[in-house]
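Just below is one structure, and these are the notes that go with it.
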Amino acid sequence: MKVVILGPDGLLARETREELGRCGHQCSDTEGECAIYLGKSPDELCNIVRSGGFRRLVVRSHACAYGASCKNAGFMTEERVSLLPAGALDRLWLRLEEAASEAPNWAAIRFAAMPDANEEDPLIRCLIRRGSALPAGRDPNVQFISPADAAQVLARAVESDATGVFNAAGTGALPLRKAMRAAGVARFPVLGPLLRLFRPHGEIAKFEHNWTVSSERAKRELGFTPRSSSREALAEFLQGRPRTKPELLAECFDDWGMDVGYIRSMSWLLDFLRKVYWRIEYEGMENIPRQGRAFFVSNHRGFIPIDAVMHLGAVWEATGRLMRFLIIPGLLQPPFHSNFFTKLGGVIASQRNAARLFERENLVGIFPEGIRGAFTEYKNAYKLRDFSTSAFVRMAIENQAPMIPVATVGHAEIYPIIGRINWRYLTKKLDWPFLPIAPPFPLLPLPNPSKWHVRILRPIPVSGIKPAEVSNKKLMRELSRYVQHVMQQNIDDMVRRRRNVFFGKILDGTGPVSPPFTVTSAAHQS
């Protein structure tokens, strides 16, 4: 096939010509059956589309077209809508794709950052300077694609008739700070609002939140498999450059940003809070499997998910397993706060993320009540919200992960919610339903030193329910409410036993016994 490459004649153009030659295609400077556009001018691309003369059009785009946001669950697929604000410079890529879509046979490849010193990419520019001012309290995961892999996916797109947008990135991801350390770049933390005064509109968000993408569609429909991971692509770029330490990229990094070293460094604080400040007593730790996938399902109070952090520390100490909690996007909105929960292993809750975690045989934690449970007023603190509106049972069945119910008492008293303030600006900023009045909050951030009691119950197996049965709404509702009933029984029992909010033990190995879950005939018939 004769292919014409239009746009700047840089590293990517050279790599693409070589890749096309290896695939038996002929490159032309003027005309061809297929056109590859590597430029950044929507107007120029519109003229190319109008002129025609080619059967297929392939356009280079960028993954930043999705927009960096705390709402990004990570490893986004092509169905994800763009969250770029109006006026953002990166909307250029959306305009390019719109122009390309006027061609009858087209494909746009959204690349991750490509390590090339001549790239006009803020992330790459950041990594070739001696120092960069970046938002304080942030360390998002970033992705890279090697020029050779970028050329490979362009060549695969030339050979295919699949149309639309395709993501392309090296496998995996790595924290921005690790990338900067390997690049020998000094990092100067500055508050985000100050940086926004001096940087182009929308640029700072790339250094605050994840915008990692999944290349699954390109693999499935174009036959693209990256030869280099994200860290390998960056290491190759850094090799031989002054001040760099590419050997720091030899270690493997978590796809969502969990940092075991960070967790170890924080263990003294977690131990103090769990063992001294809240004096948490646990029962049933033997019900946590030492290996294999499982779903840790707990009630949640206190409007700040410190209970997840306490459970993480306790389970790690008892079993050696690091639990991955599914969290809401709002937790990643404030700086420092987002860094804390990401490095402790928090992952934005989604069916796709849950599946990826279970595929790796993780112990995954979830609060089925979500933010509604966290903001429950104290008078109803130990009455569980309806579990049937949560998707946790579907996640468990689809991934064949046994559910471990966990009943916790005492965490509602750290910030007992006795009132609310409907402050629209702040609640929108924090993604909270309201600003709670929860003594001593908001006057003091110090939580009350209530004593906690945690009962980890026997796992509820789902091996008898086929993944295809998740479409049975009655079955999903019955199983959700069964889990809720088991937990509510134990919470009620623990509350009855408790004589003092701050002192005393209530767990002695005994508790309510619930019959095993059985599917009703009505649910079977559905």
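A few points about this structure:
- Selection within region 502-521 - among the β-branched types (Val, Ile, Thr) and modelled with pLDDT under 95: Thr510, Val513, Thr518, Val519, Thr520
- Subset of region 68-90 [more than 20 Å from Glu216 (Cβ to Cβ) and touching a residue at least 40 places away in the same chain (Cβ under 8 Å)]: Ala68, Ser69, Cys70, Lys71, Leu84, Pro85, Gly87, Ala88, Leu89, Asp90
- Test: residue in region 277-284 that is outside any helix (DSSP H, G or I), in contact with a helix residue (DSSP H, G or I) (Cβ under 9 Å, 6 or more places away or on another chain) and basic (Lys, Arg): no
- Leading residue by the ranking (nearest to the chain's Cα centre (by Cα)) among those in region 215-241 that are buried (at least 18 other Cβ atoms within 10 Å of the Cβ) and part of a loop (DSSP other than H, G, I, E, B): Ser215
- Of everything listed in (1) in contact with a helix residue (DSSP H, G or I) (Cβ under 6 Å, 6 or more places away or on another chain); (2) not in a helix (DSSP H, G or I), the single unmet condition for Ala155 is (2).
- Exactly one residue among Val81, Val58 is in contact with a Phe, Trp or Tyr (Cβ under 9 Å, 6 or more places away or on another chain), surrounded by fewer than 21 Cβ atoms within 10 Å (Cβ to Cβ), among the β-branched types (Val, Ile, Thr) and at negative phi, and that residue is Val81.
- Hits in region 242-260 (condition: assigned to a helix (DSSP H, G or I) and β-branched (Val, Ile, Thr)): Val260
- For region 25-134, the strands (runs of 3 or more DSSP E) that sit wholly inside it and include 3 or more residues that are modelled with pLDDT under 95 are 26-28.
- For beta carbons closer than 7 Å, sequence separation of 6+ or different chains, a first residue in region 172-183 that is closer than 17 Å to Trp211 by Cα and a second that is surrounded by fewer than 20 Cβ atoms within 10 Å (Cβ to Cβ) and charged (D, E, K, R), the qualifying pairs are Arg177/Arg187.
- Sole exception among (1) over 23 Å from the mean Cα position of the chain (by Cα); (2) modelled with pLDDT under 95 for Ala162, by number: (2)
- If only residues of region 462-485 that are in a helix (DSSP H, G or I) and of a type in the set (Val, Ile, Thr) are counted, the one that is farthest from Val513 (Cα to Cα) is Val470.
- Criterion: of a type in the set (Ser, Thr, Tyr) and touching a Gly at 6+ places or on another chain (Cβ under 6 Å) - qualifying residue of Thr319, Thr342: Thr342
- The one condition in (1) more than 21 Å from the chain's Cα centre (by Cα); (2) over 22 Å from Ala250 (Cα atoms); (3) buried (at least 20 other Cβ atoms within 10 Å of the Cβ); (4) not aliphatic (A, V, I, L, M) that Cys126 fails to fulfil: (2)
- Inspection of region 381-390 finds no residue satisfying the criterion of being of a type in the set (Phe, Trp, Tyr) and surrounded by fewer than 16 Cβ atoms within 10 Å (Cβ to Cβ).
- All conditions but one from (1) among the small types (Gly, Ala, Ser); (2) in a loop (DSSP other than H, G, I, E, B); (3) loosely packed, with under 12 Cβ neighbours inside 10 Å apply to Gly504; the one that does not is (3).
- One residue stands out among those in region 158-195 that are of a type in the set (A, V, I, L, M) and part of a strand (DSSP E or B): the one that is surrounded by the fewest Cβ atoms within 10 Å (Cβ to Cβ), which is Ala186.
Quick grid of which residues meet (1) at pLDDT 95 or above; (2) among the charged types (D, E, K, R); (3) more than 29 Å from the chain's Cα centre (by Cα):
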site: Arg424; (1), (2), (3): no, yes, no
site: Pro433; (1), (2), (3): no, no, no
site: Lys451; (1), (2), (3): yes, yes, yes
site: Ile465; (1), (2), (3): no, no, no
site: Gln488; (1), (2), (3): yes, no, yes
site: Ala523; (1), (2), (3): no, no, yes
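- Single match in Leu248, Leu322 (criterion: touching a residue at least 60 places away in the same chain (Cβ under 8 Å), surrounded by fewer than 20 Cβ atoms within 10 Å (Cβ to Cβ), closer than 20 Å to Thr342 by Cα and not basic (Lys, Arg)): Leu322
- Within region 407-420, the presence of at least one residue that is in the same structural domain as Ile304 (by TED's automatic domain parsing), in a loop (DSSP other than H, G, I, E, B) and surrounded by fewer than 20 Cβ atoms within 10 Å (Cβ to Cβ) is confirmed.
The values are calculated or read from the model by the stated rules, or taken from the named source; none is laboratory data. The structure presented is a predicted model; accordingly, all values stated were derived computationally and were not measured. Cβ atoms come from the backbone with ideal geometry, glycine included; neighbour counts cover every protein chain shown.
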